[in-house]
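Structure first, commentary second.
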Amino acid sequence: MGISLQDQLLKAGLVDKKKASEVRKEKQKQAKQQRKGQAQSVDQAKLAAQAARREQAERDRQLNLQRKAEADKRALQAQIRQLIEMNQVSVEGGELPYSFTDGNKIKKLYVTEQVQSRLSRGQLAIARFDDRYAVVPIGVAEKIAQRDSLTIVLKNDPVSESDEDDPYADFQVPDDLMW
């Protein structure tokens with residue numbers, strides 16, 4: 001390899017040793033600052049990229065949680081729908097109106113005499129089902145209530161057998177009492 005320009009200028013006597021060393025030191029200083037500046041800008045770029053990846057991962061995680069919650073809710077609604085469809089009691093041909101409350105509204109469902117009796121004794125319950133109402137057995141109503149308590153609109157307490165010491169045993173309340 002050839003001799004550097006600086007060495008050539010020293011041999012020719014155009015530059016003295018002191019001036020050459022100052023120029024060399026200045027050049028090294030600039031190179032060092034340039035490396036540090038690049039390293040800092042590279043580090044900042046890496047940190048910014050890592051922060052962006054972390055934020056994106058957090059957004060993705062939140063979105064996945066939301067999607068999973070929606071899927072779970074749809075699956076729960078499908079289970080409830082299946083329970084009601086498979087176990088609902090037919091009230092076709094019912095002529096007796098059975099009144100009940102849904103929230104703060106009074107609703108009326110026309111049922112047969114047998115269904116009315118079983119509803120009042122707590123053997124059947126009424127569930128909200130696709131903007132209408134279905135009559136289901138009490139066991140199914142309890143399963144539905146475990147999944148979503150707002151679906152069950154009416155669930156009467158089962159009538160217990162009369163106590164022998166009951167002072168009002170002689171005064172029976174009629175089951176067909178309408179309000």
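Throughout, read-outs are computed from the coordinates displayed, never taken from laboratory work. Since the model is a prediction, treat every value here as computed from it, not as a measurement.
Some observations on this one:
- Look at the alpha carbon pairs under 8 Å that are at least 6 residues apart: their mean separation over the length of the stretch 17-116 gives a relative contact order of 14 percent.
- Which listed pairs, of 18/46; 73/105; 68/105; 105/143; 107/143, have C-alpha distances above 30 Å, in listed order: 18/46; 68/105
- In order along the stretch 125-131, phi translates into HN-Hα couplings of 9, 10, 10, 7, 8, 6, 6 Hz, rounded to whole numbers, per the Karplus curve 6.51 cos²θ - 1.76 cosθ + 1.60 with θ = phi - 60° and x for Gly and Pro.
- Here the sum of -39500 (n - 2.57) over DSSP H runs of 4 or more residues, divided by the residues of the chain, equals -19500 deg cm²/dmol at 222 nm, to the nearest 500.
- The amide H of residue 153, built 1.01 Å from its N in the peptide plane, has 126, 127, 128 as neighbours under 5 Å, considering only residues 5 or more places off or on other chains.
- Answer label for Cα extents along the principal axes in Å (calculated), chosen among (i) 55, 42, 25; (ii) 47, 35, 27; (iii) 134, 39, 28: (iii)
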